[in-house]
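Participant: One structure, as structure tokens, below. Some questions next.
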Number of protein chains: 4
Amino acid sequence: MGDFYWKTNLSYTSEDGIYIRGYDLAELIGNVPFPSVLYLLYTGELPEPNIAKLIDAVMVASIDHGSGAPSVLAARTAISGGAPLGAAGAAGLLSLGKFHGAAVQDSMEAIQSVVALSDEGDTLTIAAGRVVAEWRQAGRRISGFGHRQHKRKDPRLARLFDLAQEAGVSGRYLAAAQALEDALKRAVGKDLPINIDGAMAAILSEVGFPSDLSNALFMVARITGILAHAQEEQAQMPPMRRIDPVDHGYSGPEHRKLDTKK
Amino acid sequence: MGDFYWKTNLSYTSEDGIYIRGYDLAELIGNVPFPSVLYLLYTGELPEPNIAKLIDAVMVASIDHGSGAPSVLAARTAISGGAPLGAAGAAGLLSLGKFHGAAVQDSMEAIQSVVALSDEGDTLTIAAGRVVAEWRQAGRRISGFGHRQHKRKDPRLARLFDLAQEAGVSGRYLAAAQALEDALKRAVGKDLPINIDGAMAAILSEVGFPSDLSNALFMVARITGILAHAQEEQAQMPPMRRIDPVDHGYSGPEHRKLDTKK
Amino acid sequence: MGDFYWKTNLSYTSEDGIYIRGYDLAELIGNVPFPSVLYLLYTGELPEPNIAKLIDAVMVASIDHGSGAPSVLAARTAISGGAPLGAAGAAGLLSLGKFHGAAVQDSMEAIQSVVALSDEGDTLTIAAGRVVAEWRQAGRRISGFGHRQHKRKDPRLARLFDLAQEAGVSGRYLAAAQALEDALKRAVGKDLPINIDGAMAAILSEVGFPSDLSNALFMVARITGILAHAQEEQAQMPPMRRIDPVDHGYSGPEHRKLDTKK
Amino acid sequence: MGDFYWKTNLSYTSEDGIYIRGYDLAELIGNVPFPSVLYLLYTGELPEPNIAKLIDAVMVASIDHGSGAPSVLAARTAISGGAPLGAAGAAGLLSLGKFHGAAVQDSMEAIQSVVALSDEGDTLTIAAGRVVAEWRQAGRRISGFGHRQHKRKDPRLARLFDLAQEAGVSGRYLAAAQALEDALKRAVGKDLPINIDGAMAAILSEVGFPSDLSNALFMVARITGILAHAQEEQAQMPPMRRIDPVDHGYSGPEHRKLDTKK
């Protein structure tokens, strides 16, 4: 052991195999679903089945957001210039900054501040009002509220909230998120409804997910879509084309119902 | 529609929601597991349940390979210099080049060439011998064979092959991979056993996964581990430390059995 | 010295300072211009004054290509999503692939092949014809010929060629590039005039610049412009705006003559 | 002009050529050195000759810092895994975060705050003391002071300060940097001498360089070295080798004096 010896809590390899937080990876394969192994890696423990289902749901909700997303445009631009697939994925990932996709962590912080004040005796309404006032005074935007695109309620939200209820979570963080929405309306004077980032933030708070890895979970999910778009660009488009960010359409299968009995 | 109008087959957003290959994302959430939605995005159709389980297994097998992996070292180096988490993930992704992690696609091509020759009448032994000879003549290494680290058989392999058998795949690509291993031994004169890339290549070929998205599947899985390591570096290590690539250890939970009854 | 000891030919640091190819960096500062130190780092020796001037000229010629360049669009997209400046630069660099900016190396290879055949006795016309035929048969595009944008002769070319003549280079590679243009016209049946990549390739060949670092020289020059655009985006535009790749204009100073007497 | 029409102040292309801040790029080539065209792009105007020389000097001072720099290790790691040269450069750039290379901007802010307070009547000593106290209270480290590596005075500094004096700058920002060094010693109780970041910050402040592009100037200079190391790794090392960050040496030319008469 030299001067620069260091340690990790995450995983190690040996001649016998790969161990993730103490579990043999060979044993996890086929027995624990991928989102739960992500949860193990990020939190240190395997999730209970109800939590596992929520983590999977949040990842599915984040997998793609269509061709106009900045991260997709950046990835298509890179591969259109001749980058390999991984480099295009990296260009996409670099576009998931604080204004696009990396908002979950900030939103978790706001929601958890409300719950912390409420634990100290404030009502949720007062706690949310205090957090909104403090953040606004500090010049910080409260992420997770307000819609850029979906004028109606984003349909992913109702689905996620239903699943959270089914999973039997405490509901304290969901209530805090609602209190923040109300407090923002009072402070700003217009509707800033919970958006998908805020919903993810509330649910990940409910399941004890570490906030400093919440953006990582989002990135894992979203890079899936980014790479699909990059590969489509490479396979089907001429190189160096002008990639219009607005003027594009869809030529895939028409709307079809999911056969949930299957 | 302007001059630069273009179309995608993958997904679109509307005021009503997000549609992936025709399915409403809100409906997929909680009903279809994440690896199966990845499969939908990459292939155009949802997988049958037996295939879904294999895709999940291949992703779990790829999720992490310990702290010494080049992609992890690059990500730790970036975040140690002050990069945000996404930029560290990008640095890691950029290190998953043709020599590290992006070998599955090449391996699928070799395996599928053997099956194609066998379809034209060659025995598997002859077909594999021809592919090995042709690739070697063209100066191309056949990815997916030969171990860098695991001196014994990588324990992930037996697990994946068992699951493939349980899933009832045809076994033709698995047999072709075995034939390639034998042909390489005859050609090179030493054991180059199937490695994890080769096993993934055989299994993804069995389930009809598009070879030009096989590296993408690997990247989605592996970025999970890369981001965990990057976040650990950020949270627990001093900035700008010397990150020794060899001289490191593990301080996480000791080996523990998975409770598969749970 | 451990098992992983390795060496570099480029540079080292000591308590006394930093040494580049044997020269004390403190001594280079203020005595040798930046493009010549780049040349030193990339070739091992300082350039003669006439060569130094050509290297500087080639770098100036590559510094920027306006807001519509894919690399600029990718960098603006990344920073628009909240990436820091360096990450935006990285996204831009990733977009400089084989179809956009990384063509100089391929073009040098073609030009140098013509000169090599001519050294063996072929006329330039025959040598260029053979290279065009061989590359076309191998399915390789000969980079450095054909204009995407400038319908008239790109005015940078005449300037670079004049400077090369002033510098007193042999002119053999410039002649080979011309012979390739002629051979391409005969083979393809249409004008594919030398473009800026081809001109850089010919000039860098004249000065003995290593072809496998020619793209690096281009990247150093072009990242300058990419970072300027990224910073402008960050400073002056709203986050997450739609960055139209075509529909944009210029609001800077009007055309002004350079005062070359100054 | 559509809804997403936008403008840039930097540059544009037309059929006649490329214009940088109003100047025809073809006219700049061979007449204005590369660092001065960078200055034009970043500030809007060409530098006076004395300023031009300082900009060139600062870029030369930043071009490389040996094989052990984190950005070089990240780039070598990426290319060692099979990344193309540009992707390796991107991995290096991503490692130039706030703790490594991106410190000039912060340092400029501190130095300029001292000068601003001094303009309002404070002595430099009092002004520097106030800035140090305020930044420490806000938990901000004052970049540009304290050496990580060079135990003796970094020899680049004396050279840069001499050149600044020769250039006839006002010296106000250099004096403010010195006052900050003294104030830090009083506040922290140990020597934290100006380092290369602080020297660059003082000099770039003297020449009116925009602080939000100071890191960009550093990145342009340093990517030069990063790409040289990446290419050396690709050309001369086996793929996927363990790249020890400490245990390496130098095999290039021995120390040689610069022939400044040449």
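Participant: Among the residues of segment B:223-249, which ones are open to solvent by less than 10 Å² (accessible area, probe 1.4 Å) and closer than 20 Å to D:R242 by Cα?
Facilitator: Scanning segment B:223-249 gives B:G225, B:I226, B:H229, B:A230, B:E233, B:P245.
Participant: Every residue in segment C:33-53 that is closer than 21 Å to D:E232 by Cβ and either out of contact with any helix residue (DSSP H, G or I) (no Cβ under 7 Å at 6 or more places or on another chain) or modelled with pLDDT under 95 (or both), please. Step through it out loud before you land on a result.
Facilitator: If we filter segment C:33-53 for residues that are closer than 21 Å to D:E232 by Cβ, which is where we start, we get C:34-47.
Matches in segment C:33-53: C:L40, C:T43, C:G44, C:E45.
Participant: Applying the selection to segment B:201-220, what residues are under 23 Å from B:K153 (Cα atoms) and either away from chain A (no Cβ under 14 Å) or touching a Phe, Trp or Tyr at 6+ places or on another chain (Cβ under 7 Å) (or both)?
Facilitator: Selection gives B:A201, B:A202, B:L204, B:S205, B:E206.
Participant: Another question, if that's okay. Would it be correct to say that A:D197 is open to solvent by 40 Å² or more (accessible area, probe 1.4 Å), assigned to a helix (DSSP H, G or I) and out of contact with any Phe, Trp or Tyr (no Cβ under 6 Å at 6 or more places or on another chain)?
Facilitator: Values: open to solvent by 40 Å² or more (accessible area, probe 1.4 Å): no; assigned to a helix (DSSP H, G or I): yes; out of contact with any Phe, Trp or Tyr (no Cβ under 6 Å at 6 or more places or on another chain): yes.
Spelling it out, it is not the case that A:D197 is open to solvent by 40 Å² or more (accessible area, probe 1.4 Å), assigned to a helix (DSSP H, G or I) and out of contact with any Phe, Trp or Tyr (no Cβ under 6 Å at 6 or more places or on another chain).
Participant: Of the conditions (1) farther than 21 Å from D:L227 by Cα; (2) in contact (Cβ under 8 Å) with a residue 24 or more places away in the chain; (3) open to solvent by less than 40 Å² (accessible area, probe 1.4 Å), C:V60 satisfies every one except a single condition; which number is it?
Facilitator: That leaves (1) as the condition not met.
Participant: For segment D:99-118, what are the residues that are without any contact (Cβ under 8 Å) to a residue 12 or more places away in the chain and assigned to a loop (DSSP other than H, G, I, E, B)?
Facilitator: Here is the first cut: in segment D:99-118, the ones without any contact (Cβ under 8 Å) to a residue 12 or more places away in the chain are D:99, D:116.
Residue satisfying the conditions is D:F99 alone.
Participant: Here's another thing I want to ask about it. Would it be correct to say that A:D244 is without any contact (Cβ under 8 Å) to a residue 40 or more places away in the chain, within 21 Å of B:V32 (Cα to Cα), out of contact with any Ser or Thr (no Cβ under 8 Å at 6 or more places or on another chain) and within 13 Å of another protein chain (Cβ to nearest Cβ)?
Facilitator: No, not satisfied.
Participant: Just to be sure I understand the filter: pairs with C-beta atoms under 6 Å, separated by 6 or more residues or on different chains, first member in segment A:154-183 and over 26 Å from A:R141 (Cβ atoms) and assigned to a helix (DSSP H, G or I), second member of a type outside the set (F, W, Y) and open to solvent by 30 Å² or more (accessible area, probe 1.4 Å). Which pairs pass?
Facilitator: If the second residue must be of a type outside the set (F, W, Y) and open to solvent by 30 Å² or more (accessible area, probe 1.4 Å), the pairs left are A:A167/A:N50.
Participant: Out of all the residues in segment B:126-138, is one or more in contact with a helix residue (DSSP H, G or I) (Cβ under 6 Å, 6 or more places away or on another chain) and modelled with pLDDT under 95?
Facilitator: No, every residue in segment B:126-138 fails to be in contact with a helix residue (DSSP H, G or I) (Cβ under 6 Å, 6 or more places away or on another chain) and modelled with pLDDT under 95.
Participant: Quick check on my filter: what residues within segment A:210-222 are more than 11 Å from the chain's Cα centre (by Cα) and either more than 29 Å from B:L41 (Cβ to Cβ) or in a helix (DSSP H, G or I) (or both)?
Facilitator: Once the filter is applied, which keeps residues that are more than 11 Å from the chain's Cα centre (by Cα) and either more than 29 Å from B:L41 (Cβ to Cβ) or in a helix (DSSP H, G or I) (or both), segment A:210-222 yields only A:D212.
Participant: Can you tell me how many residues in segment A:119-134 are in contact (Cβ under 8 Å) with a residue 24 or more places away in the chain and surrounded by fewer than 19 Cβ atoms within 10 Å (Cβ to Cβ)?
Facilitator: Summing the residues that are in contact (Cβ under 8 Å) with a residue 24 or more places away in the chain and surrounded by fewer than 19 Cβ atoms within 10 Å (Cβ to Cβ) in segment A:119-134 gives 2.
Participant: Can you name every residue in segment D:170-191 that is acidic (D, E) and buried (at least 17 other Cβ atoms within 10 Å of the Cβ)?
Facilitator: Residue satisfying the conditions is D:E181 alone.
Participant: With the requirement that a residue be surrounded by 19 or more Cβ atoms within 10 Å (Cβ to Cβ), more than 7 Å from every other protein chain (Cβ to nearest Cβ) and among the polar types (S, T, N, Q), what does segment A:1-53 give you?
Facilitator: Within segment A:1-53, A:S36 is the sole residue that qualifies.
Participant: What residue, among those in segment D:63-82 that are open to solvent by less than 10 Å² (accessible area, probe 1.4 Å) and within 15 Å of D:V104 (Cβ to Cβ), is farthest from the chain's Cα centre (by Cα)?
Facilitator: Only one residue tops the list, namely D:S71.
Participant: Working only within segment C:200-222, note down all residues that are surrounded by 24 or more Cβ atoms within 10 Å (Cβ to Cβ) and of a type in the set (V, I, T).
Facilitator: Hits for segment C:200-222 are C:I203, C:V220.
Rundown of residues vs (1) over 16 Å from the mean Cα position of the chain (by Cα); (2) among the small types (G, A, S); (3) within 30 Å of A:I79 (Cα to Cα); (4) modelled with pLDDT under 95, yes/no style:
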{"residue": "B:R141", "(1), (2), (3), (4)": "yes, no, yes, yes"}
{"residue": "B:S170", "(1), (2), (3), (4)": "yes, yes, no, yes"}
{"residue": "B:A176", "(1), (2), (3), (4)": "yes, yes, no, no"}
{"residue": "B:P193", "(1), (2), (3), (4)": "yes, no, no, yes"}
{"residue": "B:G208", "(1), (2), (3), (4)": "no, yes, yes, yes"}
{"residue": "B:L227", "(1), (2), (3), (4)": "yes, no, yes, no"}
{"residue": "B:P238", "(1), (2), (3), (4)": "yes, no, no, yes"}
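The values are calculated or read from the model by the stated rules, or taken from the named source; none is laboratory data. None of these values were measured; they are calculated from a predicted model. As a convention, Cβ positions derive from the backbone with ideal geometry for all residues, glycine included, and neighbour counts pool all protein chains shown. Accessible surface is based on the protein model in full, side chains and every heavy atom, while ligands, DNA and RNA are left aside. Shrake-Rupley method; radii C 1.70, N 1.55, O 1.52, S 1.80 Å.
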